[in-house]
Amino acid sequence: MTERLYAACDPYDHESLLTDAEREVLWGLRRVLDEQAHPLLAEHWDRAEFPTALMAPLHELDLMAPPALTADGAEPRGLYHAFRVFELARTDASLATYYTGQAGLFRTAVREGGTAEQVARWDPEITSWRMRGVFALTEPDHGSDVAGGLATTATRTGDTWVLDGAKRWIGTATFSEYLAVFARDTADGQVKGFLVRTDAPGVQMDVIPNKAALRMVQNAHITLTGVEVTEEYRLGNCTSFRDVSRMLRRMRSDVAWIAAGVQAGAYEAALRYTTERTQFGRPVAGFQLVQEKLARILGNITGCLGLLTRLSVQQDTGVYRDEDSALAKSWCAARMRESVALAREVCGGNGITLDTDVARFFADAEAIYSYEGTHEINSLIVGRAITGLSAFTH
Ligand SMILES: Cc1cc2nc3c(=O)[nH]c(=O)nc-3n(C[C@H](O)[C@H](O)[C@H](O)COP(=O)(O)OP(=O)(O)OC[C@H]3O[C@@H](n4cnc5c(N)ncnc54)[C@H](O)[C@@H]3O)c2cc1C
């Protein structure tokens, strides 16, 4: 029996749904995060730089297809992938965002959008990080309304497509080789997907400066001017926005898991601080009002873990619905916002310094709250499912 990973923040032991082999892999990740990642976080967050020294150790763990979970060609379970996201976010939201950019967003774009031949060719390259990519959907003028508003165009001449437009907020694009770009075909008006090399002529990328959240993640503002892509690099199974929605429905629950992991990290940091900090001659954790806040955070985490483990188990049976992942994202992100504020609060003034860790979780939570569909948009997806009425435009 492997030692428990989440004894401190998972009182109902949702972790017990993992196999010992899955927990062993996560322990390997924990060791890298504790020993190599954690010492770098505050300084890099402050400098708004990604700790590139962590890329190799994280890639070498082979977390997308760990040998221990892929014997005889087996696919690792969704529940394992979910706890991997939780574990990363429990240490740092930027690291979780970096990892899921490749393992969730880019990989899903190819697996859901590619033909069988494209998936067979590129998926092993993606899982081994030999091919690194990002998901470029959002535009400067179209965030929440991207489904109908997407304005980047793709025009075909023979076997070549020409892309024109702009993308915004694209995470870690500046150190990736490919952008999965979604553009509207000028011939039929439908949204199609393309793998565009980041060094292709006509691609211009600028890092968005002065962020107050996820400062380590390098988000790019990208302009595409007459960028040529051959038909070979068009994702053959992405022929309308419906196909993009299929990708989002799979990716969105990862962000809900990030929201849960962020709460676990903030809670553990707050617990450490409040048991060490003394006022009125006793640890502040010994005061009733502080304990109420710690209990509220633990309740939030437990609620999120209950919802999310059930969702992942259901998804492992092949059931994916827009409203399920939208509900998980919006609900867990709302709990996260409350939890990180409480964690910050019980650490007093020191809670706003990077030294206690909670400040990093507190600030980063704001980006998680808004990306991959805001609270409002995800609530509208749920609302449409439960009422049969779409309320996006009024
Ligand atoms: C750190 C970060 C990383 C990101 N990474 C990526 C990435 O890798 N790839 C990518 O494609 N995108 C990425 N995004 C973009 C992200 O998905 C968008 O920011 C998000 O979808 C919201 O769009 P917006 O910021 O344009 O806000 P807007 O759409 O301008 O919304 C502003 C406000 O209006 C509200 N609103 C809008 N429409 C309605 C409505 N109908 N009813 C009620 N309220 C409404 C919104 O909820 C929000 O509160 C990232 C964003 C951030 C901040």
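The values are calculated or read from the model by the stated rules, or taken from the named source; none is laboratory data. Just so it is clear, the structure is predicted and the values come from calculations on it, not from any experiment. All Cβ positions, even for glycine, are placed from backbone atoms using ideal geometry, and neighbour counts span all protein chains on display. Each accessible area value is taken on the protein alone, full model and side chains, heavy atoms only, with ligands, DNA and RNA left out. Shrake-Rupley method; radii C 1.70, N 1.55, O 1.52, S 1.80 Å.
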>> For a test of understanding, tell me how many lysine pairs in the chain have Cα atoms under 27 Å apart, given they are 8 or more places apart or on different chains.
In response: 6
> For a paramagnetic label modelled at 7 Å from the Cα of H375 toward its Cβ, which residues of the stretch 324-352 fall within the zone defined by backbone nitrogen distances under 14 Å?
Replying inline: 329-342
> To the nearest 10 degrees, how steep is helix 241-276 against the longest Cα principal axis of the chain, on a 0 to 90 scale?
Replying inline: 20
> Going by accessible area, probe 1.4 Å, with all protein chains left in place, what is the ranking of R111, R84, R321, largest first?
Replying inline: R321, R111, R84
> What residues have an amide H closer than 5 Å to that of C238, excluding those fewer than 5 places away on the same chain, when H is modeled at 1.01 Å from N in the peptide plane?
Replying inline: G193
> For the stretch 1-40 and the stretch 291-307, what is the separation of their Cα centres, given in Å?
Replying inline: 19
> By how many nm would the segment from T174 to H59 grow when fully extended, if each residue of separation counts as 0.36 nm and the alpha-carbon distance is taken off?
Replying inline: 39.6 nm
> Among rounded, prolate and oblate, which fits the stretch 14-127 when a ≥ b ≥ c are the square roots of the eigenvalues of its C-alpha gyration tensor, a/c under 1.5 means rounded, and a/b larger than b/c means prolate?
Replying inline: oblate
>> From the phi angles alone, apply the Karplus equation (6.51, -1.76, 1.60; θ = phi - 60°) to the stretch 230-239 and give each ³J(HN,Hα) in whole Hz, x where the residue is Gly or Pro.
In response: 7, 4, 4, 9, 7, 6, x, 9, 10, 10
> What angle, in degrees between 0 and 90 and rounded to the nearest 10, separates the Cα long axis of helix 358-370 from the longest principal axis of the Cα atoms of the chain?
Replying inline: 30
> If one takes the longest principal axis of the Cα atoms in the chain, at what angle in degrees, from 0 to 90 and to the nearest 10, does the Cα axis of helix 322-346 lie?
Replying inline: 40
>> Distance between the C-alpha centers of the stretch 53-100 and the stretch 138-177? Whole Å please.
In response: 28
> Hey, rough spin-label estimate for E292 and D206, points 7 angstrom out along Cα→Cβ, what's it come to in nanometres?
Replying inline: 4.9
> How much accessible area per residue does the stretch 151-308 have, in Å², with a 1.4 Å probe?
Replying inline: 41
>> Once R0 is set to 35 Å, what does the formula 1/(1 + (r/R0)^6) return for the Cβ-Cβ distance between T186 and R130, expressed as a FRET efficiency to the nearest 0.05?
In response: 0.55
>> Under 10 Å, Cα contacts only: if you run a Gaussian network model on the chain, which one of Y12, Y98, Y273 comes out with the highest mean-square fluctuation?
In response: Y12
> Of the residues R250, R234, R384, which exhibits the maximal mean-square fluctuation in a Gaussian network model of the chain defined by a 10 Å Cα contact cut-off?
Replying inline: R384
> Of the accessible area of the chain, with the probe set at 1.4 angstrom, what percent is carbon plus sulfur?
Replying inline: 52
> Once you put a point 7 Å from the Cα of T160 and another 7 Å from the Cα of T19, both along the Cβ direction, what distance in nm separates them?
Replying inline: 4.9
> Nearest 0.05, what FRET efficiency do E3 and T52 give at R0 = 41 Å with Cβ-Cβ as r?
Replying inline: 0.85
>> Output wanted: per-residue J couplings in Hz (rounded whole) for the stretch 179-193, from phi through Karplus 6.51 cos²θ - 1.76 cosθ + 1.60, θ = phi - 60°, x for Gly and Pro.
In response: 10, 7, 9, 9, 9, 8, 5, 5, 7, 10, x, 8, 7, 10, x
> Computed FRET efficiency, Cβ-Cβ of D141 and F280, R0 56 Å: what is it to the nearest 0.05?
Replying inline: 0.55
